[in-house]
Amino acid sequence: MSESVPVAVPRKGRPLEAVLERIANVGADDRLDRLADRVSNTLRYEKAVTKGNVDADDGPYERLAEYSDPADATNPEFTLLRDDRDGKPRRIVFDAATVDIGGVRLKLVGREEPFRALRTHEFALGFDSADLVLEEVVGIRSEGLGDIADVNDRIDPVDTDVRVVTGLGDTVYHTLMARPECLDPGAGPDREFLGGYEGPLCISPRYERLVTAVLGTDALADVEFVYPDADEEEEAAIAAAGVGVYLTVTGSTAREHGLVVGEPLFPSETVLMQNAAERDPAVERALAVLDADDATSEIHV
């Protein structure tokens, strides 16, 4: 088999699990299912250890030696990083794995920021959250972004060669929500409501550029961004502000705070990306294997 094609992937969390599930699905191989289960179960356990929910019998270096077997390239490898939590604890995260799919060998390589690794041409292919594309390179315009398939049209080719290829279907939404008294009778929180709204809009600080790109500057002309305090629950902060945007799955917690859950503004989804400047036959074969149709995804550009 030819030399492996490197693919940048997240080191932990839901995006990595979505990537491993995609690999297992397109590979249709029990070994890939076992790989996905092993990595996911290991990292869920390590997350629980890092959060203090589980007491590990061994230290991180002993656990790391148990998880990784570099003598066998088909086994996953893990590594240690400093977590951002108080005390900067060491956390075990995914490092690498080699998989064979459809006659193509892929080297999955863990990166803290896969999207940025593609931007700097370290990789031709990679997976990361669609959020990061909007946070960093999607152009801000007066009108909002109505369809996630339009993301690539908003990327300035002078800024980056990276383009979104498809989504993996692990979708949760940035959702507009508001207290009932902020709404007109019978109306819900949606883009039309925001067009006439004046006042505070509570969001996470990291999503300011994303929300601006999605809604457009016209809709935000009379809106003031406000942010939750560091130790404040997002839904509680939105309830205090009256209107806000939050990444939510069911909206049950928002409703417990008296909020009306409105329009899903933008899907937060793991996406397959390509650096269009890094094309060669091996990369194209790998892309053809990974770019499988996924009916659960809203993204296919």
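Here are a few things to note about the model shown:
- Qualifying positions in the stretch 205-226 - crowded, with 17+ Cβ neighbours inside 10 Å and of a type in the set (A, V, I, L, M): Leu210, Val211, Ala213, Val214, Leu215, Ala219, Leu220, Val223, Val226
- Residue match in the stretch 68-79 (condition: assigned to a strand (DSSP E or B), of a type in the set (S, T, N, Q), modelled with pLDDT of 85 or more and surrounded by 12 or more Cβ atoms within 10 Å (Cβ to Cβ)): yes
- The stretch 233-257: number of residues that are without any contact (Cβ under 8 Å) to a residue 60 or more places away in the chain and within 20 Å of the chain's Cα centre (by Cα): 2
- Within the option set Ala286, Ala237, Ala277, being surrounded by fewer than 16 Cβ atoms within 10 Å (Cβ to Cβ), out of contact with any helix residue (DSSP H, G or I) (no Cβ under 8 Å at 6 or more places or on another chain) and either within 25 Å of Gly199 (Cβ to Cβ) or not acidic (Asp, Glu) (or both) holds for one residue only, Ala277.
- Of the residues making up the stretch 82-90, not a single one is surrounded by 15 or more Cβ atoms within 10 Å (Cβ to Cβ), at pLDDT 90 or above and in contact with a Lys or Arg (Cβ under 8 Å, 6 or more places away or on another chain).
- Residues that are closer than 28 Å to Ile238 by Cα, of a type in the set (Asp, Glu) and in a loop (DSSP other than H, G, I, E, B) within the stretch 118-177 comprise Glu143, Asp147, Asp170, listed in sequence order.
The values are calculated or read from the model by the stated rules, or taken from the named source; none is laboratory data. Predicted model only: the values in this text are computed from it and were never measured. Don't worry about glycine lacking a Cβ; one is built from the backbone with ideal geometry, like all the others, and counts go over all protein chains shown.
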